[in-house]
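Only the coordinates and a few stated rules stand behind these numbers; no lab work does. Bear in mind that the values here come from a model prediction, so they are computed numbers and not experimental data. All Cβ positions, even for glycine, are placed from backbone atoms using ideal geometry, and neighbour counts span all protein chains on display.
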Amino acid sequence: MPFSHFLRRRRSALLAAGALALSACSPIKLLDRLTPSDTYQAETGIAYGSAPRQQLDVYRPLPATSPPEGRRPLIVFFYGGTWTTGERASFRFVGEALAARGAVVVIPDYRLAPGVTYPVFVQDSALALKWGLDHAARLGADPQQVYVMGHSSGGYNAAMLALDARWLGAVGASPKQLAGWIGLAGPYDFLPMGDPDAQRAFDWPNTPRSSQPIAHVSAASPRALLMAASKDTLVDPVRNTGQMAQKLRADGVAVQTESFDNLSHVTLIGALATPIRWIGGPVLPPILDFVGLPSDLSDKVAR
């Protein structure tokens, strides 16, 4: 690569990183412009239900990528947005980061408030995860290596599917089918709630205690990887990630935690993006290690 081209890419990545650090929403879309498009195969706009937002995208490794087909983990990822905003296309950088290193990745949309309230977005998430479980083998993944993952309110969705058997049970599946769950800055214990968007999404104050993921931890819960920014000002990392890890361990569930001092609530997920992965702590390697993929990124550089 010519040095001048490298400098242009580096400058663009710096600008994207700066913009991402300044806002909690729209700069996520800027990452799409810099995310490689030749490191994976994609199938987009697949319906997992009849509602317009019940669609998902699939990111698959290229044929020569290790591990071989049939032995790849499948990760169903739910994005955040306080259950009121978000679209799957904005998180192509998550699909690329994981698919380029050997995972099959499913990124669904789900219905949002104020159009719906709890538990509809959890029910949509369960239906999307059931789709992933049913199609794992066809997509070249190992059906015994299916994981659910989410960031922020998407981390809540992931936690509810992994911990509260009602939701997968309603669609003919079970948390026992999961090899683990991954939460990035997820809210797991947030009653009473003060955020207006969250209040609308959960019909506050008529919100049942059973809506809290931490209430469903048991010895049967899948193993977990919990990650958070230590200075997160949107989702308290001590009350949520810290207490969830403590409760899981108390019930004998294997849990790994990762805390990052130099990342925010937003850059925690942004740091997965190939172009700006260097902005913060090593968020991607623990995820790869957790799902059984090589976590050495020394030979994978931003383009």
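Calculate one ³J(HN,Hα) per residue across region 100-113 by plugging θ = phi - 60° into the Karplus curve 6.51 cos²θ - 1.76 cosθ + 1.60, and present them in order as whole Hz with x for glycine and proline.
Those phi angles translate into 5, 10, x, 9, 8, 10, 10, 10, x, 7, 8, 5, 10, 6 Hz.
If I build a Gaussian network model for the chain, linking alpha-carbon pairs within less than 10 angstrom, which residue out of 84, 241, 274 has the largest mean-square fluctuation?
Among 84, 241, 274, the largest mean-square fluctuation in the Gaussian network model of the chain belongs to 84.
How far, in nm, would the chain grow between residue 87 and residue 262 when pulled straight, counting 0.36 nm per residue and subtracting the alpha carbon separation?
Full extension from residue 87 to residue 262 adds 60.3 nm.
First obtain the Kirkwood hydrodynamic radius of the chain from its Cα pairs, then insert it into the Stokes-Einstein equation at 4 °C and 1.567 mPa s, and state the resulting D in µm² per second as a whole number.
After rounding, the answer is 68 µm²/s.
Calculate log10 I(q)/I(0) of region 83-236 for q = 0.15, 0.19 Å⁻¹, where I(q) comes from the Debye formula with a single equal point scatterer on each Cα and nothing for solvent.
-0.79, -1.30
Under the rule of -39500 (n - 2.57) per DSSP H run of 4 or more residues, summed and divided by the residues of the chain, what mean residue ellipticity at 222 nm is obtained, to the nearest 500 deg cm²/dmol?
-8500 deg cm²/dmol
How far is it, in nm, from the label point at residue 47 to the one at residue 231 when both lie 7 Å from their Cα along the line to the Cβ?
Once both label points are built, they end up 4.8 nm from each other.
In the neighborhood of residue 163, defined by Cβ-to-Cβ distances under 15 Å, what is the net charge if each Lys or Arg adds +1 and each Asp or Glu adds -1?
+3
Considering region 150-299, what Rg and Dmax in Å follow from its alpha-carbon atoms?
15.5, 51
Amide H of residue 75: which non-local residues (sequence gap of 5 or more, or other chain) have their own amide H closer than 5 Å, using H built in the peptide plane?
104, 105, 106, 147
In debye to the nearest 20, how big a dipole does region 38-102 give about its Cα centre with +1 on each Lys and Arg Cβ and -1 on each Asp and Glu Cβ?
Computed charge dipole of region 38-102: roughly 160 debye.
So, counting K/R as plus one and D/E as minus one, what does the shell of residues with Cβ under 11 Å around residue 290 add up to?
So the environment of residue 290 carries a net charge of -1.
For region 3-290, what does the relative contact order come out to in percent, with C-alpha contacts under 8 Å and a separation of six or more?
Computed over region 3-290, the figure is 17 percent.
Explain nothing, just compute: Karplus ³J(HN,Hα) = 6.51 cos²θ - 1.76 cosθ + 1.60, θ = phi - 60°, for every residue of region 288-296 in order, whole Hz, x for Gly and Pro.
4, 4, 5, 8, x, 10, x, 9, 7
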